[in-house]
Amino acid sequence: MSFEPKIVAFLCNWCAYAGADMAGTSRLKYPGNMIAIRVMCSGRVDPEFILEAFEKGADGVFIGGCHPGDCHYVSGNYRTRRRVEMMKRLLEEMGINPRRLRLEWVSATEGQKFARVVKEFVEEIRQLGPSPIKKEEAI
Amino acid sequence: MKKKIAMYWGAGCGGCDVSLLGIHEKLLDVLEKADIVFWPCATDFKYEDLEKMEDGEIDIAFYNGAIRTEENEKIAKLLRKKSKILVAYGSCATEGCVIGLANLYDRDEIFNAVYLDNETTPNEKKIIPQGMEKEGIELPEFLPSLKTLEQVVKVDAAIPGCPPPSPVLEEALNALLEGRTEFGKEVALCDECPRKDTKPDKIEIERFYRWHEKEDDGSCFLAQGMICMGPATRAGCGGECTSAGIPCTGCMGPVPKVENQGIAMLSAIASIIEDMDEEKERAVMESIKDMVGTFYKFSTAKLLPYGRFKDES
């Protein structure tokens with residue numbers, strides 16, 4: 001059987017989740033490898049969530065937030081940007097390919113973009129292969 | 001009746017054994033309530049003596065040091081069998097400590113660095129001390145990765161610190177001799193740091209300094225731009241390092257109820273970077289050269305229990 005990546009996505013309630021909704025109502029197709037978790041703000045995504053997702057079997061972690069300047073809570077997405085950058089460097093030192101973690105800005109109207117980036121990300125992870133991290137049984 | 005206690009030195013620097021002596025005359029109070037039945041570092045007991053004991057005969061066994069060799073693993077399992085309460089003593093046994101950073105490299109890389117490529121230790125015959133036997137004595141096998149005590153056997157209590165500071169140790173010993181396995185403070189180091197009052201309400205950093213790059217003005221290290229693990233580290237030491245002018249590196253481990261000390265601190269550090277554009281932000285973060293060494297100095301063995309991952313495609 002070919003490798004089907006498992007992706008955990010944290011989507012902000014105000015932009016990326018609405019963008020995913022938009023992709024759905026517009027009947028856009030994107031791979032079903034993604035498990036979406038709605039959070040109130042991408043700033044709610046503690047780096048611990050990212051590590052835990054990997055430990056529990058995710059092959060990639062996707063974070064979707066509002067465009068810079070558009071955060072519903074003013075500065076949440078800036079913090080996410082810094083945390084993700086720090087996480088990527090930590091993952092790299094741990095020997096994990098930092099491309100397994102992806103941050104994208106998706107607004108509520110960008111259903112097209114949402115479908116495109118998810119598709120791209122799934123393809124990228126498919127090429128990287130299964131994650132070596134899994135500690136417990138896969139989700 | 002007096003309790004029977006044991007102490008074993010696994011893979012560690014020996015500071016833990018010294019720290020037990022470092023409580024000075026209070027050790028005499030401990031010895032009034034307890035007999036030492038096994039402590040290879042300080043008394044003349046052999047492994048055979050331990051093997052001859054009944055299962056569960058030792059009331060409290062302290063294990064200091066991590067598990068790096070087959071011998072460490074064997075004794076950890078033996079001590080578990082022979083004792084009612086097994087205590088991880090110090091940072092090595094609890095979290096892997098500084099020597100746990102070796103999990104960033106595999107066995108061969110470590111051997112090459114230590115025995116073959118090290119300029120100051122000539123090794124013309126290229127000897128790597130593994131699998132050797134002489135007169136019935138064998139050198140123990142070096143395990144593929146360093147493990148904490150809890151990753152090998154069930155542990156009932158842990159005394160944090162590298163080595164455990166005297167006040168922490170005294171409290172722990174008293175609690176254990178009374179039969180309690182929960183002790184220690186539940187707050188972060190900042191709470192008892194002598195620089196506490198100089199911590200501003202809001203910390204904003206525009207660049208990070210390493211400790212030697214900036215003159216310490218005596219105020220909160222984080223506010224000065226130096227990474228101090230205080231906010232994510234358990235209190236108890238009384239701020240020994242911060243009062244001596246050195247930022248905390250986190251040897252006391254996480255505050256209870258926090259699972260992952262390093263990532264908690266990483267998240268906090270990312271949040272206090274001043275508002276700036278993306279490129280500048282990246283440069284600031286790149287000034288932290290060693291992420292694992294900074295945030296996981298004492299807990300790499302917990303982050304990478306089987307060593308560094310290989311996912312370099």
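Could you list, in sequence order, the residues of region B:275-284 that are at the interface with chain A (Cβ under 9 Å from one of its Cβ atoms) and either on the phi > 0 side of the Ramachandran plot or among the acidic types (Asp, Glu) (or both)?
Of everything in region B:275-284, those that are at the interface with chain A (Cβ under 9 Å from one of its Cβ atoms) and either on the phi > 0 side of the Ramachandran plot or among the acidic types (Asp, Glu) (or both) turn out to be B:Asp275, B:Glu278, B:Glu281.
What is the one condition in (1) within 21 Å of A:Ala36 (Cβ to Cβ); (2) more than 8 Å from chain B (Cβ to nearest Cβ) that A:Gly69 does not satisfy?
Of the numbered conditions (1) within 21 Å of A:Ala36 (Cβ to Cβ); (2) more than 8 Å from chain B (Cβ to nearest Cβ), the odd one out for A:Gly69 is (1).
For region B:33-84, what are the residues that are among the hydroxyl-bearing types (Ser, Thr, Tyr) and out of contact with any Pro (no Cβ under 9 Å at 6 or more places or on another chain)?
Across region B:33-84, the qualifying residues are B:Thr43, B:Tyr63, B:Ser83.
So, in region B:24-52, of the ones that are surrounded by 14 or more Cβ atoms within 10 Å (Cβ to Cβ) and assigned to a loop (DSSP other than H, G, I, E, B), which residue ends up modelled with the highest pLDDT?
Among them, the one singled out is B:Trp39.
Filter region A:27-58 down to residues that are part of a loop (DSSP other than H, G, I, E, B) and within 11 Å of chain B (Cβ to nearest Cβ) and give me whichever is farthest from A:Ile7 (Cα to Cα).
A:Asp46
For (1) over 26 Å from B:Arg308 (Cβ atoms); (2) modelled with pLDDT of 95 or more; (3) exposed (fewer than 15 other Cβ atoms within 10 Å of the Cβ); (4) within 11 Å of chain A (Cβ to nearest Cβ), each residue gets a yes or a no:
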| position | (1), (2), (3), (4) |
| --- | --- |
| B:Arg234 | yes, yes, no, no |
| B:Met252 | no, yes, no, no |
| B:Asn260 | no, no, no, yes |
| B:Ala268 | no, no, no, yes |
| B:Ile273 | yes, no, no, yes |
| B:Glu286 | no, no, yes, yes |
| B:Met291 | no, no, no, yes |
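Identify all residues within region B:129-152 that are assigned to a loop (DSSP other than H, G, I, E, B), among the polar types (S, T, N, Q) and under 18 Å from B:Cys97 (Cβ atoms); write none if there are none.
Applying the first criterion (assigned to a loop (DSSP other than H, G, I, E, B)) to region B:129-152 yields B:129-132, B:135-136, B:139-141, B:148, B:152.
Keeping just the survivors that are among the polar types (S, T, N, Q) gives B:130, B:148.
Hit for region B:129-152 is B:Thr148, nothing else.
Consider region B:261-313. How many of its residues are assigned to a loop (DSSP other than H, G, I, E, B) and either more than 15 Å from B:Arg207 (Cα to Cα) or touching a Phe, Trp or Tyr at 6+ places or on another chain (Cβ under 8 Å) (or both)?
The number of residues fulfilling the criteria is 18.
Regarding region B:205-213, can at least one residue be identified that is away from chain A (no Cβ under 11 Å), surrounded by 18 or more Cβ atoms within 10 Å (Cβ to Cβ) and under 24 Å from B:Gly22 (Cα atoms)?
no
Of the conditions (1) within 14 Å of chain A (Cβ to nearest Cβ); (2) closer than 21 Å to A:Pro47 by Cα; (3) free of Cβ contacts under 8 Å to residues at least 40 places away in the same chain, B:Cys228 clears all except one; give me its number.
With (1) within 14 Å of chain A (Cβ to nearest Cβ); (2) closer than 21 Å to A:Pro47 by Cα; (3) free of Cβ contacts under 8 Å to residues at least 40 places away in the same chain applied to B:Cys228, the lone miss is (1).
For region A:94-129, enumerate the residues that are part of a helix (DSSP H, G or I), buried (at least 21 other Cβ atoms within 10 Å of the Cβ) and more than 13 Å from the chain's Cα centre (by Cα).
A:Met94, A:Gly111
Residue-by-condition table, conditions (1) buried (at least 22 other Cβ atoms within 10 Å of the Cβ); (2) closer than 19 Å to A:Arg116 by Cα; (3) of a type in the set (Val, Ile, Thr); (4) at pLDDT below 95:
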position	(1), (2), (3), (4)
A:Ala9	yes, yes, no, no
A:Lys56	no, no, no, yes
A:Ile63	yes, yes, yes, no
A:Cys66	yes, yes, no, no
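Give me the residue from region B:293-313 that is of a type in the set (Ser, Thr, Tyr) and more than 9 Å from every other protein chain (Cβ to nearest Cβ) and, out of that set, surrounded by the fewest Cβ atoms within 10 Å (Cβ to Cβ).
B:Tyr306
Out of curiosity, is A:Gly57 in contact (Cβ under 8 Å) with a residue 60 or more places away in the chain and of a type outside the set (A, V, I, L, M, F, W, C)?
Numbers: in contact (Cβ under 8 Å) with a residue 60 or more places away in the chain: yes; of a type outside the set (A, V, I, L, M, F, W, C): yes.
Yes.
The values are calculated or read from the model by the stated rules, or taken from the named source; none is laboratory data. Since the structure is predicted, the reported quantities are computational estimates derived from the model, not experimental observations. We place every Cβ from the backbone using ideal geometry, glycine too, and count neighbours over all the protein chains shown.
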